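Remarks on the structure that follows.
The values are calculated or read from the model by the stated rules, or taken from the named source; none is laboratory data. This structure is a prediction, so every number in the text was calculated from the model and none was measured. Glycine gets a Cβ as well: all are built from the backbone with ideal geometry, and neighbour counts include every protein chain shown. Heavy atoms of the whole protein, side chains included, go into the accessibility calculation; ligands, DNA and RNA do not. Shrake-Rupley method; radii C 1.70, N 1.55, O 1.52, S 1.80 Å.
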Amino acid sequence: MTLASGTKLGPYEILSPIGAGGMGEVYRARDTRLKREVAVKVLPTAFAADAERLKRFEQEAQAASALNHPNILSIYDLGTHEEAPYIVSELLEGETLRSRLAGGAFTPRKAIGHALQISQGLAAAHEKGIVHRDLKPENIFVTNDGRVKILDFGLARVTRPEGGSSTATNLPTITPGTEPGMVLGTLGYMSPEQVRGKVADARSDIFSFGAILYEMLSGKRAFHADTAADTISAILTKEPPDVSETNKRIPESLDRIVRHCLEKNPEARFHSASDVAFDLEAISGTPTQTAGAKVTEGRSAFRAPLWALVISAAAALLAGVLVGHAVSKPELPATKRLTFRKGRVRTARFAPDGQTILYTASWQGGPNELYSTRSDSTESRSLGLPGSMLAAVSSSGELAVLRNAMPSAGGGLTFEGTLARLPLAGGAPRDLLEGVQFADWAPDGDRLAVVRYVAGKNRLESPVGTVLYETPGWIESPRFSPSGDRIAFIDYPVVGDVTGGTIAFVDMRGRKTTLSRHFSGGSGPAWAPGGDEIWFTAEGSLHAITISGHERVLFQSVGEFSLHDVSHSGRSLVTRFFGRRETHGKAPGETTERDLSWLDVTLPIQISHDGKTVLLNEFGEGGGPEHGIYLRSTDGSLPVHIGDGSAFDLSPDGRSVMAIAHFGTPKQRLLLLPSGAGQSRELPTEALGYENGGFTPDGKQLVISGSRPGGAPRTYVQDLAGGPPRPITPEGFTQRVRDNFAVSSDGRILVRDRDSKPYIAFLRGGDPRPIPGVSPVEYMAGWAADGRLYVVQGSPLPARVSLIDPATGRREDWKQIQPADPAGVEDIDWFLATPEGTAYVYCFARGLTDLYLLTGVH
């Protein structure tokens, strides 16, 4: 089917053809609703003739659309035109990796850059349970700005021949150069298990990825022969030449990654694409270094003056004489994964032997527990003590643990519990001190340093009771120096804020020295083996800083990782963190919940009164610098992007969204965005700093939490027809972030005073009225139809939702909630329900970590 320019496929107007292949024709089109250009692929009509096949195609397309990762082609929509199915996706400008490879091998730096993006896209898909099954250069697209996109995700299963047909008609697009009737362009990238007709899982994609990386580095296909039978034989029985033999600039560490991907036995391969990405990151800083030379990209190694080459040769010869002609290869950073279950690793330490590793983890949503493993093993054993966390290991092998650890009353992102000592060889713990957040053993294995919250401040003590340092902020991870005369720690000035941290140490007289600049998201610290440096992680890098303040970068990564310990030999324990904020909910009339998340940080802002629509904000990287605002049906249909900014509320009739553009900046603007057709409208802000807001029940006014310059926060009301905002509460009465700003049908508004105590304010004005019965750890989630309040205690899981009479404080348990998969989830921190309770949504942060051994860092 060929479509002429101007043809309409629903809201999509065809502009021009882009290309065609065995999987259909692709067109440039314009989305007339959202005023953007898109790509439309019209698939063969054979899809429509097979109902089961079409159903499978729709399911796959919906799964692929849910990925929404920067390195995966975004699917926007699907439909049919004259009985031919079509897919609508983002429009890319650039060319396929196959086209790029026509120019020969890539430089190692470029190959690693592309491979890293591919592996990150695969990791995101595999995390959702989606396996590509047809990864090849034709399905990798490189945009003009260097962004790599994986194409046709989830379509491989439904585009292979049905019933064992040998024809290639419905196979993925065949590129020029293949034999008629053969699919060598696909076959050359199949894993051994695929060739044998076995089930292909994520490790099969990793094999295909390895073949692509091999080709990028060598300029040659890893498995390619004159016939399909010979290609199959090569995949099953032969190893391609080491890529370092075909390209001398390839470091051996990169060659090892390729070989690990191309193992014939899937059990011997990388088990996850995230592990591949981590190893690629480890060498990304030195991709062109080899044992004998350094090659600078874009510059010939033979342009140096002759005298420089002579001096270099003489120096090399002299060095060979001095070391007895022995030339050693520099050790490049390498990682070994130590944990493989789904959950979160909290703390990790080396035992005195340097080979045994002890750590705290909560797996599959279970409690924190102590585990032991070895650096040469993939197995871990539990040490028991559920609910406990490892704090430190002494030089004699004694453990300091925090029993019954719970989120700290002293704030920060810490736990606190009862400090106890426990022999590693076995035995019962002996309790020492309550309310401890961190602890560390002195080198003599006798003294302890502790951090605890006392009289409104966090204190570092050693020995217990002797205060060396205290702060209204928070103190993280005190670590004794090897000589025992200093204690290093991270000093955060504001409780719960991970920005503005510094590396500091204090001596035994309480004299504090700040070493580093301010940074965000720090972890560690740990002393280097010689005691002359402190290692720590911050802002995606492993740093070292001397006690005189000289700082250097040891290792750079993409993403968030944390340092836990450094052994006497310089090996490190680090965790790699993968975080998402998810929204789940139940639609009216349904009995099961569904995942309503869209991008990486999905926050539900409001649910419609009928429970059929939820207003979402995307606050993460996927939402962009201004954040994205979406409306999504609670039945799981694809969301609609209605604008950028920070959404506050959905109007009672569902037609408008209250939002702030440039939130938190001097340029902020108060907007009304249409949920469908219509124009956005800007409202006067009156120099008011907005913090939260919502519509009144009649939809004619806005209730706003904010403050004027120099003033304290308070609650205002503003007419949509015009006029300035007017205060309806005294100063200091405003909203806490997690409380829902829904206004009841009789004009009651939920606010908090300066001490965060709950009150009811009134739309008509007057003194706010206190609400009895709400615990300080609970948040107010809105109004029920009978005038009671939904109140939520978010942790521990399952979260508890109650209904409270705001006049008497009388409480009734309503529901307990937690996601079906609680791994890495600790708190339900946002909950919304319809007044009748027929539908609800909730939000939580999921943090998953894996423990790694990092070697070769100096």
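Share of the range 194-271's accessible area from carbon and sulfur, percent, 1.4 Å?
Reported share for carbon and sulfur atoms: 48 percent.
Enter the accessible area per residue of the range 774-851 (Å², integer; probe 1.4 Å; all protein chains in place).
Dividing the accessible area of the range 774-851 by its residue count gives 35 Å².
List the lysines whose alpha-carbon lies under 17 Å from that of Lys264, not counting same-chain residues fewer than 8 positions away?
Within the straight-line limit of under 17 Å, Lys264 reaches these lysines: Lys198, Lys238.
Using mean Cβ contacts within 10 Å as the protection proxy, how do 546-552, 335-341, 533-539, 10-16 order, highest first?
The densest-packed peptide leads the list: 533-539, 335-341, 10-16, 546-552.
Which lysines have a Cα less than 29 Å from the Cα of Lys512, not counting those fewer than 8 places away in the same chain?
The qualifying lysines are Lys457.
What whole number of Å gives the distance from the Cα centroid of the range 663-737 to the Cα centroid of the range 345-410?
When both Cα centres are located, 48 Å separates them.
Ranked highest first by the average count of other Cβ atoms within 10 Å around their residues, in what order do 450-461, 125-136 fall?
By packing density, highest mean first, the sequence is 125-136, 450-461.
Just by accessible area at a 1.4 angstrom probe, what is the order of Asp829, Asp813 from largest to smallest?
These residues rank, largest area first, as Asp813, Asp829.
Which lysines, if any, have their Cα less than 23 Å from the Cα of Lys342, not counting same-chain residues under 8 positions apart?
Lys128
Amide H to amide H, which residues 5 or more places from Ile72 or on other chains are under 5 Å from it, using H placed in the peptide plane?
So Ile72 has HN proximity to Ile150.
Sort 270-283, 751-764 by packing, meaning the average of other beta carbons within 10 Å per residue, with the highest value first.
270-283, 751-764
What is the percent carbon and sulfur in the accessible area of the range 519-655, measuring with a 1.4 Å probe over the protein chains and ignoring ligands?
Carbon and sulfur together cover 49 percent of it.
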